[in-house]
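One structure is given below, encoded as structure tokens.
The values are calculated or read from the model by the stated rules, or taken from the named source; none is laboratory data. Bear in mind that the values here come from a model prediction, so they are computed numbers and not experimental data. Quick reminder, even Gly has a Cβ in these numbers, built from the backbone with ideal geometry, and neighbours come from all protein chains shown. Side chains are part of the model used for accessible areas, which takes the heavy atoms of the whole protein and leaves out ligands, DNA and RNA. Shrake-Rupley method; radii C 1.70, N 1.55, O 1.52, S 1.80 Å.
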Protein chains: 2
Amino acid sequence: MNVKKKITISDVAEKAGVSKSTVSQYINQRYKYMSSETKERIERVINELNFRPNDNARNLKVKKTKVVGILVANILHTLSTEIIQIVEDRLQHNGMKAFVCNSADDPEKEKEYIDLLIAKQVDGIIIFPVGNDYTVYNYLINYSIPIVFVDRLVDGITTDSVLLDNHAASFLAVSTLAEKGHENIAFFTLPIDFPVTPRIERIDGYKKAMAACQLKLREELIFSISKDKIQDALQNCLHFNKPPTAIIAGNDLVLLQILKYLKKNNVSVPEKMAVIGIDNVLYADLYEPSITTIAQPIQQMGLKAAELLLDRIKNESQHPFITYRFAPEIVERNSI
Amino acid sequence: MNVKKKITISDVAEKAGVSKSTVSQYINQRYKYMSSETKERIERVINELNFRPNDNARNLKVKKTKVVGILVANILHTLSTEIIQIVEDRLQHNGMKAFVCNSADDPEKEKEYIDLLIAKQVDGIIIFPVGNDYTVYNYLINYSIPIVFVDRLVDGITTDSVLLDNHAASFLAVSTLAEKGHENIAFFTLPIDFPVTPRIERIDGYKKAMAACQLKLREELIFSISKDKIQDALQNCLHFNKPPTAIIAGNDLVLLQILKYLKKNNVSVPEKMAVIGIDNVLYADLYEPSITTIAQPIQQMGLKAAELLLDRIKNESQHPFITYRFAPEIVERNSI
DNA sequence: CTGAAAGCGCTTACAG
DNA sequence: CTGAAAGCGCTTACAG
């Protein structure tokens with residue numbers, strides 16, 4: 001493998017016997033004032049030399065890069081990849097492309113990626129934020145780089161945002177269970193050592209829904225703990241004086257732990273324990289019994305996020321920032 | 001929101017009362033010949049102005065970008081995101097970052113992303129290839145951009161590659177079933193309209209394993225069809241003269257379809273139908289009965305891919321290209 | 001210890 | 001229809 005020198009526009013110009021300007025015109029498809037002979041000659045040389053223009057040079061002149069960043073909190077979440085797929089498809093239709101970056105739940109990494117995306121001069125960024133330090137996101141706003149938040153919000157930052165109506169999600173879960181006569185409903189979610197919007201709002205929604213359904217709120221039935229502690233906590237609360245007869249899983253990862261425990265310990269669902277999960281999961285139909293879930297309208301959320309970002313990128317118009325809340329939907333199956 | 005002019009190195013230099021060169025020295029942390037007073041002054045101004053150097057300009061001079069591309073065939077596959085997570089972590093330790101791009105199973109998109117990554121001058125690319133047109137990948141080789149293939153190979157391209165020993169995977173599946181006395185073993189996988197390495201190799205491995213186990217090969221028990229046709233095909237083959245008593249699912253998506261069918265139709269597993277899936281899936285333990293799977297050593301594969309790429313990027317040394325084949329592992333559960 | 005100058009590979013207004 | 005020239009925002013060898 002011989003290390004070949006990178007081909008530049010000058011090489012093409014020289015070999016084609018025209019000026020760099022003309023080659024540049026060709027690259028940018030401004031054929032208007034170009035003889036077809038010149039055009040063909042340039043085309044041939046470009047193919048021969050396998051020339052690819054250096055975007056770094058181009059972007060130095062032309063301010064638009066036609067690239068947006070999608071910075072996800074954690075790429076392992078199904079929600080992230082599904083939104084990515086949808087957003088990308090919309091971008092495609094607008095001649096844009098996406099670089100996906102993964103914060104891996106690490107605020108430090110997120111900050112580095114934001115710096116990198118700024119440095120690469122992306123036209124806009126869709127962020128599933130992990131950090132709670134608003135100064136980081138302020139860089140973007142200072143640089144007038146459009147951003148759209150998805151799934152989570154950050155205190156102190158006002159921008160276009162797209163997320164589930166988490167209160168409604170909890171309400172749907174609680175009220176559905178209440179109708180079936182459940183009174184002792186446990187709520188499990190991941191930690192909120194630092195504020196994570198969906199977790200906080202879903203807990204809050206749970207509390208309000210309990211009140212609305214005239215059920216007694218028992219704080220000891222609310223668990224906000226790390227993944228590996230869920231099974232122990234569940235085991236524990238089964239020995240309460242009044243153990244729960246129903247569980248709401250705050251997200252897909254939590255649901256997985258709960259189902260593992262229930263299966264391992266032969267707790268019959270829904271007879272001994274009703275289960276309802278927020279987030280639709282691939283295996284909801286597969287479990288025995290199939291699991292009732294509260295689904296996010298991912299398709300619409302992805303489209304809205306893409307649309308918001310594209311609007312900001314295209315026109316300079318300054319409509320006020322809006323936080324869009326999407327209504328959840330219950331998918332009734334056999335676990336309640 | 002007032003559109004602020006982008007801050008450049010000149011702005012910083014002017015405000016700090018030094019030359020651009022000095023600011024540049026500061027940015028690149030060459031403090032050796034810099035008075036601490038100058039250093040502090042520059043630092044202060046950078047913070048005040050919120051200055052972020054433009055990487056496009058930098059990369060025009062400095063050939064290394066410290067960024068690699070990870071181009072996945074389809075970001076919805078768990079394998080992709082798990083490998084991304086692992087690779088990224090290794091890159092992090094080497095001061096590099098990753099831009100993830102999603103081909104969405106579309107060779108045209110893949111080509112565009114390759115062009116974009118070249119244009120952005122990434123230092124290297126990890127590819128889960130979708131296309132079968134080797135000329136596309138040849139661009140990269142022409143440009144001396146290191147590439148590592150993961151999961152799939154491309155005819156006509158020789159480069160470092162990391163993938164499962166697919167023949168061994170099929171062999172494990174077949175021989176395990178054969179030991180349990182199964183003779184009529186069906187194999188389901190997705191289409192091979194154009195060559196997709198794991199699918200082809202797993203079918204091939206299945207055939208060889210059947211021979212090795214002295215079982216009669218029945219071509220009509222091999223299904224290479226699209227996802228939505230799997231359930232019908234399965235239904236069909238249950239009415240064969242000699243229906244299969246065991247099924248091997250060629251990957252996670254196929255397994256999902258098969259389990260859906262079996263559950264819907266109350267086919268008892270493993271009594272009436274043994275099932276074994278290639279690819280470990282999240283819900284393997286959750287299904288009733290739990291599903292025996294053939295797992296890829298994803299951790300090791302991700303690390304190897306990262307290591308190979310970093311080696312090529314760092315040293316110019318020219319060890320020959322190697323295709324690494326990782327041994328699969330069987331995770332025995334209760335479905336066989 | 002710091003600055004002036006050339007150059008990276010493009011684009012674009014302008015001249016002809 | 002095409003080319004010469006300036007400039008985008010950096011870096012770096014060199015001079016002082």
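Taking every alpha-carbon pair within chain B, the share separated by more than 32 Å comes to 45 percent. Applying 0.36 nm per residue to the separation of A:Ile200 and A:Lys229 and subtracting their alpha-carbon distance, the gain on full extension is 8.6 nm.
With viscosity 1.306 mPa s and temperature 10 °C, the Kirkwood radius over alpha carbon pairs of the protein assembly as shown converts through Stokes-Einstein to a diffusion coefficient of 57 µm²/s.
For the protein assembly as shown, carbon and sulfur atoms together expose 49% of the accessible surface, with a 1.4 angstrom probe and every protein chain in place.
Between segment B:64-105 and segment A:293-336, the alpha-carbon centres lie 26 Å apart.
Considering every residue in B:50-62, what mean count of other chain Cβ atoms within 10 Å of its Cβ is obtained? Don't jump to the answer; show the numbers that get you there.
Details: counts 5, 0, 9, 3, 7, 9, 12, 6, 2, 8, 5, 1, 0.
Mean number of neighbouring Cβ atoms from other chains: 5.
Distances between copies of B:Gln231, taken at a point 7 Å out from Cα along the Cα→Cβ vector and listed shortest first: 3.2 nm.
Residues with beta-carbon under 12 Å from that of A:Lys304, excluding A:Lys304: net charge, scoring Lys, Arg +1 and Asp, Glu -1?
On the way: positive: A:Arg90, A:Arg325; negative: A:Asp160, A:Glu307, A:Asp311.
Taking every Cβ under 12 Å from that of A:Lys304, the sum is -1.
Quick check: the angle from helix B:166-179's long axis to the longest principal axis of chain B, C-alpha only, nearest 10 degrees? Helix B:166-179 sits at roughly 30 degrees to that axis.
Where both residues lie in the protein assembly as shown, what percent of DSSP beta bridges are antiparallel, nearest 5? Working shown, then result.
On the way: 7 of 75 bridges.
So the antiparallel bridges in the protein assembly as shown amount to around 10 percent.
For the pair A:Ser175 and A:Glu307 in one chain, pulling the backbone fully straight at 0.36 nm per residue adds 44.2 nm over the alpha carbon distance.
So, for the protein assembly as shown, what is the accessible surface per residue at a probe of 1.4 Å, expressed in square angstrom?
Values: 30050 Å² over 672 residues.
Normalised by residue count, the accessible surface of the protein assembly as shown is 45 Å².
Label-point distances for B:Tyr31 to the equivalent site in the other copies, using a point 7 angstrom along Cα→C-beta, read 5.7 nm when ranked shortest first.
Near B:Ile247, the amide H atoms lying under 5 Å from its own belong to B:Ala186, B:Ala274, B:Val275, B:Ile276; only residues 5 or more places off or on other chains count, and H is placed 1.01 Å from N. Shown in residue order for segment A:230-246 are the 3J(HN,Hα) couplings computed by the Karplus curve 6.51 cos²θ - 1.76 cosθ + 1.60 at θ = phi - 60°: 5, 5, 4, 4, 5, 3, 3, 6, 5, 9, 4, 4, 10, x, x, 10, 8 Hz (x for Gly and Pro).
Give me the summed buried accessible area for the B-A pair, 1.4 Å probe, to the nearest 100 Å². Walk me through the numbers on the way to the answer.
Working: alone 18200 and 18210 Å², together 30050 Å².
Approximately 6400 Å², summed over both chains.
Derived scalar couplings between HN and Hα for segment B:330-336 equal 8, 10, 6, 10, 10, 9, 10 Hz in order, rounded to whole Hz, by the Karplus curve 6.51 cos²θ - 1.76 cosθ + 1.60 (θ = phi - 60°), x for Gly and Pro. Distance between the 7 Å Cα→Cβ label points at B:Asp155 and A:Gln214: 7.3 nm. Proximity of backbone amide H atoms, modeled 1.01 Å from N, is registered between B:Phe223 and B:Phe187, B:Phe188, B:Thr189 at under 5 Å, excluding neighbours fewer than 5 places apart on the same chain. The per residue volume of the convex hull around the alpha-carbon atoms of segment A:202-267 is 90 Å³.
What percent antiparallel are the DSSP beta bridges of chain A, to the nearest 5?
10
Label-point distances for B:Leu49 to the equivalent site in the other copies, using a point 7 angstrom along Cα→C-beta, read 3.6 nm when ranked shortest first.
From the Cα gyration tensor of segment B:166-295, with a ≥ b ≥ c the square roots of its eigenvalues, which class applies: rounded if a/c is under 1.5, or else prolate if a/b is larger than b/c, or else oblate?
Details: a/c = 1.21, a/b = 1.13, b/c = 1.07.
Cα axes put segment B:166-295 in the rounded bin.
Neighbours of B:Leu164, meaning other residues whose beta-carbon lies under 14 angstrom from its beta-carbon, give a summed charge of -3 when Lys and Arg score +1 and Asp and Glu score -1.
Inter-chain neighbour count for A:94-101: the average number of beta-carbon atoms from partner chains within 10 Å of each residue's beta-carbon is 5. Here the Karplus curve 6.51 cos²θ - 1.76 cosθ + 1.60, taken at θ = phi - 60°, turns the phi angles of segment B:268-285 into couplings of 6, 10, x, 3, 8, 8, 7, 9, 9, x, 8, 4, 7, 10, 3, 9, 4, 6 Hz, with x standing for Gly and Pro.
Provide Rg over Rh for segment A:1-99; use the alpha carbon set for both Rg and the Kirkwood Rh (inverse mean inverse pair distance). Walk me through the numbers before you get to the answer.
On the way: Rg = 18.3 Å, Rh = 16.3 Å.
Taking Rh as the inverse mean 1/r over Cα pairs, Rg/Rh reads 1.13.
Among B:Ser175, B:Ser24, B:Ser268, which one moves the most in a GNM of chain B with springs linking Cα atoms closer than 10 Å? Among B:Ser175, B:Ser24, B:Ser268, the largest GNM mean-square fluctuation belongs to B:Ser24.
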